[in-house]
Amino acid sequence: MAMIENRRKKSLIALSMVAPFVITFTLFFLYPVVEMVRLSFTDAPLIGPGNWVGFDNYVKLITDRLFITSLKNNGYFILLTVVPTTIIALMIALAVNRLKGGMQALVMTLFFLPYVLPVSVVTEIWAWMLDFQFGVLQPLISLISGKPVAVFKNPYWVMPTVAVVTIWWTNGFNVLLFIAGLRNIPKELYEAAALDGATSFQRFRRVTWPLLWPVTALVLTLQLILQLKIFDQIYLLSQGGPFNSSYVLLLKVYREAFQLNHGGYSSAVATVLFVLIAGVSVLQFQLLRIRRG
Amino acid sequence: MSPARKTENIILTLITLTAAAVWIFPLYWALITSIRSEERVVSNASLLPDEFQLTAYVEAIFNTKIMTWYFNSVGTAVIVTVVVILFSLMCAYAISQIRFPGRRLLYGIVLASFMVPTQALVVTQFILMHKMGLINTWGGIILPQLIVPVVIIVYKQFFDAVPKEMREAAVLDGGGEYTILFKVYLPLNWGITTALAIITFIGVWNAFFWPFLIVTSEDMMTIPVGITQVNDAFGVHYARLMSVALLAAMPVAVAYLVFQKKVTEAVMISSGVKG
């Protein structure tokens, strides 16, 4: 009897401890998820009720050229960022890792600092550097293309430029993950390899690379998820233009809901994005589980 | 070390330093621009600092609403950080230390929600905030940002690692669960608590998309949203624009430089790669 009472008391205390989180979570997270799915089957405006329309919104998505364009642009942006940023981060991590003491700390700081900046600070600095008339990077662009380019108003330059800005801004995080991974590799392995007379390249191929693969998989999938969600930089630098050449899924969600007042249709786009990202997350989870055995 | 290895080493170090200098150049350039006069900014593109004046900063501080935006950012970021840490601390402790029904399910939900993109939820979150009458308020900025499942996940892992004897001793001393949490488990985990608090704070401080949606009045804007208004209001005044940008970046940059070790530690721990 006393034990049951004790157990009940324990459960009540536990309940009081999890309640604050569970309540906020249910109200501001779970409920919006359910509502998003429900709304995607209606023709509701942003504010106010709508009629149930079944799968109409999803059918409409298939023939919506702007939706197809944004899917393609998301894919293009992923191509431009995910693998390049991983390679660059690995190279920086290897370079930083061989430095020592204060020098290492300084260089690490220089590479990591952009990561803590607000996105609008980042975009303003780059917009200034790439200014068509006075931008400090325009001589460099003239060198490549023969003339100055208004990069964010040019359909060919816009996505690669946003990709460069994004890589610059976020790569410190990946560098850090790689450095942590490098530090986890036992020193003895390198000593043994050195005794066997391995060259630096062989040491990288036989020791560093295989042991670093799990971190690489983590970085690749984290980047994939992150770049699927791109919005801020695009919105601040090019607003999806020119000619929709940088229109992405989340921008579609935003425009349909907040500018065109299509709450239901916007929710359908959001649900697709949601499913895409959840899918990649499951993939990541599986990859990491395999690695931990 | 052989002379060949030594030369290789020096060359590699030089390459690394050059790359780091190129990497930080945008920030250097913003700084140089911000201490020039507007005329100099567009007439003379010297890469070296050739002028030092704080006019742009004075104008930024007195002629924009940056101080109001600072206040909103500090207020909302502090509240979110404190609440997230407190709620997660309690929730993680219960999941880790108390056997209660539904505990595994709850942790499963927390883990699953970690994978969900909150960006996809902005429309329905906005509608909810509208229903609650919280558009253009601190409450509207704060509430949806209170969900940071990773903090619970990290806390749970750390609580799981606390030796069972600590808890048993505290129970024998007659301590209730709240006493044990705040007198034993929290002090034992101060390190990770500060680390989590700092990355939560930086995350909220830098948040753009949600505050941008929920706030339309200039007086309620946070720093990352507010500074985008300066552009519209003044056209191309790059010295002022850069001084505003640097003022906006200052708190997080300083926080990072001061708590560098904690920040990097927190990033590594929260992504599951312990260094």
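The values are calculated or read from the model by the stated rules, or taken from the named source; none is laboratory data. Values in this document were obtained by computation on a predicted structure and should not be read as measured data. Because the Cβ atoms are built from the backbone with ideal geometry, glycine has one as well, and the counts that use them run over all protein chains shown.
With respect to B:G175, determine if the residue is more than 9 Å from chain A (Cβ to nearest Cβ), touching a Leu at 6+ places or on another chain (Cβ under 6 Å) and over 21 Å from B:G272 (Cβ atoms). Please lay out each step first, then the result.
Numbers: more than 9 Å from chain A (Cβ to nearest Cβ): yes; touching a Leu at 6+ places or on another chain (Cβ under 6 Å): no; over 21 Å from B:G272 (Cβ atoms): yes.
Taking the combined requirement at face value, the residue does not satisfy it.
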Q.
For the condition facing chain A (nearest Cβ under 8 Å), in contact with a Ser or Thr (Cβ under 9 Å, 6 or more places away or on another chain) and not hydrophobic (A, V, I, L, M, F, W, C), what is the one hit in B:T228, B:T200, B:T264, B:T222?
A. B:T228
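Here is a yes/no grid of residues against (1) in a helix (DSSP H, G or I); (2) more than 13 Å from every other protein chain (Cβ to nearest Cβ); (3) not aromatic (F, W, Y):
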| residue | (1), (2), (3) |
| --- | --- |
| A:L176 | yes, no, yes |
| A:A180 | yes, no, yes |
| A:E188 | yes, yes, yes |
| A:W209 | yes, yes, no |
| A:V215 | yes, no, yes |
| A:L224 | yes, no, yes |
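Out of all the residues in segment A:150-164, is one or more charged (D, E, K, R), crowded, with 16+ Cβ neighbours inside 10 Å and assigned to a helix (DSSP H, G or I)?
First, pick out the residues of segment A:150-164 that are charged (D, E, K, R): A:153.
Cutting the leftovers down to crowded, with 16+ Cβ neighbours inside 10 Å gives us none.
Within segment A:150-164, not a single residue is charged (D, E, K, R), crowded, with 16+ Cβ neighbours inside 10 Å and assigned to a helix (DSSP H, G or I).
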**Q.** Among residues of segment A:244-290, those that are surrounded by fewer than 24 Cβ atoms within 10 Å (Cβ to Cβ), polar (S, T, N, Q) and out of contact with any Ser or Thr (no Cβ under 7 Å at 6 or more places or on another chain), counted
**A.** 5
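Here are some residues: B:A30, B:A94, B:A77. Which one is within 30 Å of B:R167 (Cα to Cα) and either more than 12 Å from chain A (Cβ to nearest Cβ) or assigned to a helix (DSSP H, G or I) (or both)?
Result: B:A94 is the single residue among B:A30, B:A94, B:A77 that is within 30 Å of B:R167 (Cα to Cα) and either more than 12 Å from chain A (Cβ to nearest Cβ) or assigned to a helix (DSSP H, G or I) (or both).
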Q: Quick one: count up the residues across segment A:165-195 that are without any contact (Cβ under 8 Å) to a residue 12 or more places away in the chain and of a type in the set (A, V, I, L, M).
A: 3
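Among the residues of segment A:62-77, are any touching a residue at least 12 places away in the same chain (Cβ under 8 Å), outside any helix (DSSP H, G or I), more than 7 Å from chain B (Cβ to nearest Cβ) and among the charged types (D, E, K, R)? Give the derivation first.
To start, the set of residues in segment A:62-77 that are touching a residue at least 12 places away in the same chain (Cβ under 8 Å) comprises A:66-67, A:69-71, A:73-74, A:76-77.
From the residues that got through so far, the ones that are outside any helix (DSSP H, G or I) too are none.
Looking through segment A:62-77, none of the residues is touching a residue at least 12 places away in the same chain (Cβ under 8 Å), outside any helix (DSSP H, G or I), more than 7 Å from chain B (Cβ to nearest Cβ) and among the charged types (D, E, K, R).
One line per residue, one yes/no per condition, for (1) crowded, with 23+ Cβ neighbours inside 10 Å; (2) closer than 15 Å to A:V164 by Cβ; (3) of a type in the set (K, R):
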residue: A:P45; (1), (2), (3): no, no, no
residue: A:L61; (1), (2), (3): no, no, no
residue: A:D64; (1), (2), (3): no, no, no
residue: A:I68; (1), (2), (3): no, no, no
residue: A:M103; (1), (2), (3): no, no, no
residue: A:P114; (1), (2), (3): yes, yes, no
residue: A:L117; (1), (2), (3): yes, no, no
Q: Read through the list (1) assigned to a helix (DSSP H, G or I); (2) modelled with pLDDT of 90 or more; (3) not aliphatic (A, V, I, L, M), then give the number of the only condition that B:R40 fails.
A: (2)
Q | Where B:D160 falls short, out of the listed (1) surrounded by fewer than 19 Cβ atoms within 10 Å (Cβ to Cβ); (2) within 28 Å of B:L143 (Cα to Cα); (3) more than 12 Å from chain A (Cβ to nearest Cβ) | A | (2)
Q.
I need the full set of residues from segment B:184-224 which are outside any helix (DSSP H, G or I) and over 18 Å from the mean Cα position of the chain (by Cα), in order please.
A. B:N189, B:V215, B:T216, B:S217
**Q.** Conditions (1) touching a residue at least 12 places away in the same chain (Cβ under 8 Å); (2) buried (at least 19 other Cβ atoms within 10 Å of the Cβ): number failed by B:G203
**A.** (2)
Q | Enumeration of residues in segment B:32-58 that are closer than 21 Å to A:Q138 by Cβ and touching a Pro at 6+ places or on another chain (Cβ under 8 Å) | A | B:I32
Q | Test set (1) within 12 Å of chain A (Cβ to nearest Cβ); (2) modelled with pLDDT of 95 or more - B:N72 fails condition number | A | (1)
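Can you tell me which of B:Y57, B:Y28 is over 30 Å from A:Y31 (Cβ atoms), of a type in the set (S, T, Y) and within 23 Å of the chain's Cα centre (by Cα)?
Step by step, each of B:Y57, B:Y28 is checked, and only B:Y28 is over 30 Å from A:Y31 (Cβ atoms), of a type in the set (S, T, Y) and within 23 Å of the chain's Cα centre (by Cα).
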**Q.** Any hit, segment A:120-129, residues being part of a helix (DSSP H, G or I), surrounded by fewer than 18 Cβ atoms within 10 Å (Cβ to Cβ) and of a type in the set (F, W, Y)
**A.** no
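In this structure, is B:I269 within 17 Å of the chain's Cα centre (by Cα) and more than 7 Å from chain A (Cβ to nearest Cβ)? Before the answer, list the steps.
Numbers: within 17 Å of the chain's Cα centre (by Cα): yes; more than 7 Å from chain A (Cβ to nearest Cβ): yes.
Yes, satisfied.
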Q) Would segment A:82-101 turn up any residue that is more than 9 Å from chain B (Cβ to nearest Cβ), at pLDDT 95 or above and within 30 Å of A:A257 (Cα to Cα)? A) yes
Q) Within segment A:23-51, how many residues turn out to be of a type in the set (A, V, I, L, M), at the interface with chain B (Cβ under 7 Å from one of its Cβ atoms) and in a helix (DSSP H, G or I)? A) 3
Q: Just give me the residues in segment B:247-275 being in a helix (DSSP H, G or I), at pLDDT below 90 and surrounded by fewer than 17 Cβ atoms within 10 Å (Cβ to Cβ), in sequence order.
A: B:Q260, B:K261
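Residues B:M90, B:M67: which one is out of contact with any strand residue (DSSP E or B) (no Cβ under 7 Å at 6 or more places or on another chain) and surrounded by fewer than 22 Cβ atoms within 10 Å (Cβ to Cβ)? Explain how you work it out, then say what you get.
Values: B:M90 fails: surrounded by fewer than 22 Cβ atoms within 10 Å (Cβ to Cβ).
Unique residue meeting the criteria: B:M67.
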